[in-house]
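Here's a structure for you.
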Amino acid sequence: MNTATLSQAPAAGTDTGLGSVVPIATTVGLGFVVALLLGGLVAPAWAIAPLVVGLVRLSMQLPAFLPRVPVLEGAIVAILVVGVAVPATLFDFDAIGLSSDDLATVVAGILLLYWYWRHRRDLTVPRVAYPFFLWLAWTAVSGAVETRTTFGLLSGPVRIVFYAMLLVAGLHWFRRRELVHFALGLLVVVGLLEAAFGLWSYLVDWKILRLFIGIELFRDRQPLGQVVSGRITATLGLPSNFTGAFFLFPALVAVGYGSLATAWRERLGWWAVYGLIAWALMMTFTRGSFLSMALGLVGFFVFSAKRWMMPATALVVIAVLVFTPFLRRFEEDLQRLPIFGEAFSVIWENAATGVGPGEYLPDAPTTPIEDPDDPGSEAPPTEAAADRDETPHNSVLLVASEVGLPGAAFFLAAVLGTMALAWGGGLGIRRSDDAILATAVFAALGAFFLQSQTNNMFQIPPVAIQFWILGAAGAWLASTAGGRWSEFLFSPGLGRG
């Protein structure tokens, strides 16, 4: 094991596995307020100075907040967690279906391969990885039979391999407790920064529309477009639905850490962190994110023995509902049912192997494969694909449509198996610190899975990667708390010892 480390040990006197959150919350909060005043009263460009000062100050505080971790493993986790903030729209490589937000994944993937090579003699494959092998095999079959584009051939199998490798590696890494808290703590910090930037953009009406940075506008048919400036996208370069889904992770993890804090100063710090992230989540005006967060919070407080954060979280949600026009989103018609119906039709007609990975839409970023019936020409999309102009907005339906019902079953087994790792088993109240934090992680995973039923969340790698990282981290928290499911899914050869 590499003994070189990143960061420092947590500050003395904290009881959450991290250093004090108060300096982090104070720096981001003050920077947000100053940038808001300068950007709103003078000009957005005036906010650059407090932004730079705040980031420098924050970088000086992070070593005291995050625990010391091995360099290689810490670097991979950091690249993937921070990489979600890289805008997806800066540039792209259509020929291979990659864009700017994939660069972090590529770099982390190279380091991950190096880690596997270094540990090739002591690696074990836990049972939870088995569904990935079946999902991969069936996707390869579908690609061989149906796929007509290089994007489909790459995006399907390569993505599954990366997810599986990340989960299995994480189950080896997170046996070190400090890596668990490093990953979760860094995720909270990234979420807090994204939330502050997104809210600033929303309040001063700053945006780069073509890059999906800052905020995006409502559609013409949406009446809220006449009331507010837009929907928060922060720096992700993705539609606001995906930004809202990302915020689920740091928001619910922050509630977990806040529930473990004993000093009122720390409790208020975690409450402030949750409040800013939850506010930003709701200002994405994504109904699925809001409902998923609400259900995640309910689930957490039902099973957690420490519930002091419950009034604080409820206060934030109620305040946003009362003082913003968020509830008007529920006056709009649901647009999902027609596209769900279209996806069911595709599945009915292609139940075994689907239409092929990446083939649901004809206008996905692709390099068409040569038409075998007309050498030198490109194979056009099928007639049925040409009639579709939207994805199913549901991860399970999209997988079933593209690789068939068997592929969807294996995908669900991989997702639910990962969630089961973090749950650990049993329906009793969670009382130990590890069990409570594992419950918060499970709530975040469950909330993300719920929103994936209204958006293609698992098909957006920078966001979906956070699911697999949290799943592996939550697995060890649940295991150390005595989770029976975690022990079974770890086996063979990956027990707690």
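Coordinate-derived values only; no laboratory data. Keep in mind that what you see is a predicted model, and the values were worked out from it rather than measured. Neighbour counts are summed over all protein chains in view; Cβ atoms, including those assigned to glycine, are modelled from backbone coordinates with ideal geometry.
If you bin every alpha carbon distance in segment 247-373 into 5 Å steps from zero, what whole percent lands in each bin?
Cα pair-distance distribution for segment 247-373, in percent: 2, 9, 15, 15, 11, 10, 9, 9, 8, 6, 3, 2, 1, 0, 0.
Give the relative contact order (percent, whole number) for the chain; include only Cα pairs under 8 Å separated by 6+ residues. Let's see the in-between values first.
Values: 915 pairs, mean separation 98.6, N = 497.
Computed over the chain, the figure is 20 percent.
How high is the FRET efficiency from Glu390 to Ala413, r the C-beta distance, R0 25 Å, rounded to 0.05? Intermediate results must be reported in sequence, preceding the final value.
Working: r = 27 Å, r/R0 = 1.08.
E(calc), rounded to 0.05, equals 0.40.
Okay, moving on. From the Cα trace of segment 51-115, what convex hull volume per residue do you get, rounded to a whole Å³?
Numbers: hull volume 5.7 nm³, N = 65.
Taking the convex hull of the Cα positions in segment 51-115, it is 88 Å³ per residue.
If you place +1 on the Cβ of every Lys and Arg, -1 on the Cβ of every Asp and Glu, and leave all else neutral, what size is the dipole of the chain about its Cα centre, to the nearest 20 Debye?
Details: 29 positive and 34 negative charges, 524 e Å.
Using Cβ point charges on Lys, Arg, Asp and Glu, the chain gives about 2520 debye.
Taking H placed 1.01 Å from N in the peptide plane, check which residues at least 5 places from Ser99 or on another chain put their amide H under 5 Å from its amide H.
Residues meeting the amide H criterion: Phe93.
Figure the gain on full extension for Ala144 and Leu90 (residue separation times 0.36 nm, minus the Cα-Cα span) and round it to one decimal in nm. Each step should come with its number before you reach the end.
Details: separation 54, 0.36 × 54 = 19.44 nm, distance 3.20 nm.
Going from the current span to full extension adds 16.2 nm.
In addition: Out of segment 221-266, which trypsin sites (Lys or Arg not before Pro) are coil in DSSP terms and have no more than 16 other C-beta atoms within 10 Å?
Values: sites: Arg221, Arg231, Arg265; in loops: Arg221.
Hits after loop and neighbour filter: Arg221.
Within 10 Å, count the other beta carbons around each residue, average over each peptide in 303-313, 42-52, and list them highest first. Before the final figure, lay out each step's value.
On the way: 303-313: 17.5, 42-52: 14.5.
Put in order of decreasing packing, that is 303-313, 42-52.
Would you kindly derive the ³J(HN,Hα) couplings of segment 269-281 from the backbone phi angles with the Karplus curve 6.51 cos²θ - 1.76 cosθ + 1.60 (θ = phi - 60°), listing them in order in whole Hz, with x for Gly and Pro?
Once rounded to whole Hz, the list reads x, 5, 4, 5, 4, 4, x, 5, 5, 5, 4, 5, 4.
Given the C-alpha atoms of segment 40-88, compute the convex hull and give its volume per residue in Å³. Kindly include the intermediate steps, with their values, before the conclusion.
Numbers: hull volume 5.2 nm³, N = 49.
Taking the convex hull of the Cα positions in segment 40-88, it is 106 Å³ per residue.
If you don't mind, there's one more thing I want to ask. What FRET efficiency comes out for the pair Leu123/Arg68, r = Cβ-Cβ distance, R0 = 22 Å, nearest 0.05? Intermediate values should be presented prior to the final figure.
Numbers: r = 24 Å, r/R0 = 1.10.
It comes out at approximately 0.35.
What ³J(HN,Hα) values, in whole Hz, does the Karplus curve 6.51 cos²θ - 1.76 cosθ + 1.60 give for segment 339-346 when θ = phi - 60°, with x put for Gly and Pro?
Working through the residues one at a time gives 6, 5, x, 5, 5, 4, 5, 5 Hz.
Considering only Leu55, Gly19, Thr105, whose Cα is most displaced toward the positive end of the charge dipole of the chain, charges sitting on Cβ of Lys, Arg (+1) and Asp, Glu (-1)?
Value computed over the given set: Gly19.
Applying the Karplus parametrisation 6.51 cos²θ - 1.76 cosθ + 1.60 with θ = phi - 60° to the phi angles of segment 203-220, what ³J(HN,Hα) value in whole Hz is obtained for each residue in order, glycine and proline being reported as x?
Working through the residues one at a time gives 6, 9, 6, 10, 6, 10, 4, 5, 9, 6, 10, x, 9, 10, 7, 6, 6, 4 Hz.
How big is the shadow of the Cα convex hull of segment 162-219, averaged over all directions, in nm²? If you can, show how the numbers build up before the last one.
Numbers: hull surface 23.7 nm².
Averaged projected hull area, Cα only: 5.9 nm².
Same structure, new question: Ranked highest first by average number of other Cβ atoms within 10 Å, how do 436-444, 165-173 line up?
Numbers: 436-444: 28.8, 165-173: 22.8.
The packing order, highest mean first, is 436-444, 165-173.
Run the numbers for Met60 and Asp205: contour at 0.36 nm per residue of separation, minus the present Cα-Cα distance, in nm. If you can, show how the numbers build up before the last one.
On the way: separation 145, 0.36 × 145 = 52.20 nm, distance 3.01 nm.
That pair, Met60 and Asp205, stretches by 49.2 nm at full extension.
Given the DSSP H assignment, sum -39500 (n - 2.57) over each helix run of at least 4 residues in the chain and divide by its residue total; what's the result at 222 nm in deg cm²/dmol, nearest 500? Can you show the working numbers first?
Numbers: 18 runs with 300 residues, N = 497.
The helix-only estimate for the chain comes to -20000 deg cm²/dmol at 222 nm.
Which residues' amide hydrogens lie under 5 Å from the amide hydrogen of Thr233, considering only partners 5 or more residues apart or on another chain, with H built in the peptide plane?
Residues meeting the amide H criterion: Gly214, Ile215, Glu216.
Would you please state which residues of segment 451-488 a label at Phe330 would reach in this model, taking the label point 7 Å out along Cα→Cβ and a backbone N cut-off of under 19 Å?
So the set is 451, 454.
Here's something else I'd like to know. Show log10 I(q)/I(0) for segment 206-298 at q = 0.15 Å⁻¹, two decimals, from a solvent-free Debye sum over equal Cα scatterers.
-0.61
Let me ask something else. Over the alpha-carbon set of segment 260-302, divide Rg by the Kirkwood Rh and report the Rg/Rh ratio to two decimals. All intermediate terms of the calculation are to be shown ahead of the outcome.
Working: Rg = 12.2 Å, Rh = 11.5 Å.
For segment 260-302, the value is 1.06.
Ranked from highest to lowest mean number of other Cβ atoms within 10 Å per residue, what is the order of the peptides 200-212, 320-332, 268-280, 449-461? Please list the in-between numbers first.
Values: 200-212: 18.4, 320-332: 13.5, 268-280: 24.7, 449-461: 21.7.
Ranking the peptides 200-212, 320-332, 268-280, 449-461 by packing returns 268-280, 449-461, 200-212, 320-332.
Dividing the alpha-carbon radius of gyration of the chain by 2.2 N^0.38 Å (N being the number of residues), what value is obtained? Can you show the working numbers first?
Working: Rg = 22.2 Å, N = 497, 2.2 N^0.38 = 23.3 Å.
My calculation over the Cα atoms of the chain gives 0.96.
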